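Heads up: the structure comes next, in structure tokens.
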Amino acid sequence: MSQTAPPPAEDVPATCENCGTPLRGHYCHACGQSTHSPVRHVGHAVEEVFESFWHLDGRIFRTVRDLFVPGRIAGRYLGGQRVRYVAPMRLFVILTLLTFFVAKFVVQDAMLGFEADGVIQATDMRAQFAQAQTAAEVDAIRDSLIADIDEARRVTGALPGVSTRLSAAESEVRAQARARTAVLAGAAGSDAPAPEPADTEAASADGVTAAPDADGTGPEYRRDAPPLGGRIGARITRNLDRLQDSPGAYSRALLGVAPTALFILVPLFAVLLKLAYLFQRRLYLEHVVIGLYSHAALMLGLLLVFCGALATPWLEARAAWAAGVVGLLQTVLLWAMPVYLLVTQKRVYGQSWPWTLLKFAIIGALYFALFLSVAIPMAGYALYAL
């Protein structure tokens, strides 16, 4: 009776193909290279593609879980337990990239509201076309509004849903221009005077102002210079008007640029820790590790807040109570961030509460000033770029 021969085992080299060290297993103890070759086995090729992900996967959950406990990871990492956690810089970069991605949608939502009339106000547009008395004026207004829409396209990029609404706004502008041109053409054909606007002194959004002719017989239209001068001044003026209508827009823009500001300020935060705990004789890189894990926790909190901000409009339309719960959780997360940093500082450095509170107050005041000095100009530029 014949027996089926077992499949041949994969040839395993006796020495490491990378450094020549004699092998005693599937990994070289000198350089760490695996004996599995992706060029000899399809399964190993697929394994190599996902190796980094699966290798990270087991630790990322443990790291994120322990990250919710203030000071646990930083203390254990500095105590030598490093293999069980994702390295501080890698964790910080991963969470920062995710937060950057989500924050972009939050900032754009704050500036545009994802509505076409956030770029072109329908009432202002109709008022401008109603004041036009010649086809040339209609064309000038149309071109100015379309230029604003094109600029909005450049700023927003490929955000989902925005391009469609901007195209709808452009179609509306062109339709209003054609309608006004047709009215003017009909009035000229019947020798009837074109209807005058109700308020001849009203200024339109792009600076077109109605004023009497020199002989007082009819309106004359002039284009006033923006109060701050040029297209830049016009854009700033327009955005300031929008902020008056929606005061929360700047706050959301400021929150949206927070990840970038935090990323920039990590080395400075470590310097503040170094100065505050100078007599503990810790190395600067130890303070950097503490700063990285602390800021990784802040990034995780911001990521959850941003996800809640994006989910709130959808929940409000379907389950208002759930939107209220999400808003409450967002508030709790934002208030928990300084508490998290305080408890981390107490557990890692191990000083008494009075000294910890004093140093935390000093570090917090300096760090908050640094944060605002970076974040406020960034938020202002984000709103200007609208």
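Taken together, the values in this text are just the output of simple stated rules run on the coordinates, not laboratory data. All of these numbers come straight from a predicted model, not from anything done at the bench. Glycine also receives a Cβ, built like all others from the backbone with ideal geometry; neighbour counts cover every protein chain displayed.
Of all trypsin sites (Lys or Arg not before Pro) in the range 257-304, which ones are in loop regions per DSSP and have a Cβ with at most 15 other Cβ atoms within 10 Å?
Those satisfying the criteria are Arg281.
Between Leu285 and Ala14, what FRET efficiency follows from the Cβ-Cβ distance if R0 is 51 Å, with the result rounded to 0.05? Before the final figure, lay out each step's value.
Values: r = 41 Å, r/R0 = 0.80.
Taking R0 as 51 Å, the efficiency between Leu285 and Ala14 is 0.80.
Starting from the Cα of Lys346, draw a straight line to each of the lysines and keep only those under 25 Å, dropping any in the same chain fewer than 8 residues away.
Reachable lysines: Lys274, Lys359.
Take Phe100 and Leu304, extend 7 Å from each Cα along the Cα→Cβ direction, and tell me the distance between the two endpoints in nm.
Taking the two extended label points, one gets 2.4 nm.
For the pair Cys31/Glu316, report the inter-label distance in nm, with labels modelled 7 Å from Cα in the Cβ direction.
5.9 nm
For a quick check: sort Phe68, Phe129 by the number of other beta carbons within 10 angstrom, fewest at the front. List each step's numbers first, then the result.
On the way: Phe68 12, Phe129 22.
In increasing order of surrounding Cβ atoms, one gets Phe68, Phe129.
Based on other C-beta atoms within 10 Å, arrange Leu275, Leu283, Leu67 from fewest to most. Display every interim value, and only then the final one.
On the way: Leu275 13, Leu283 10, Leu67 23.
Result, fewest neighbours first: Leu283, Leu275, Leu67.
When His295, His29 are ordered from fewest to most other Cβ atoms inside 10 Å of their Cβ, what list results? Each step should come with its number before you reach the end.
Working: His295 23, His29 11.
Lowest to highest Cβ neighbour count: His29, His295.
Could you give P(r) for the range 295-361, binned at 5 Å from zero, as whole percent values over all Cα-Cα pairs?
3, 17, 20, 15, 13, 11, 8, 6, 5, 2
Say each of Thr331 and Ser373 gets a label point 7 Å from the Cα, pointing the same way as Cα to Cβ; how far apart are those two points in nm?
Each label point lies 7 Å from its Cα, and together they span 3.3 nm.
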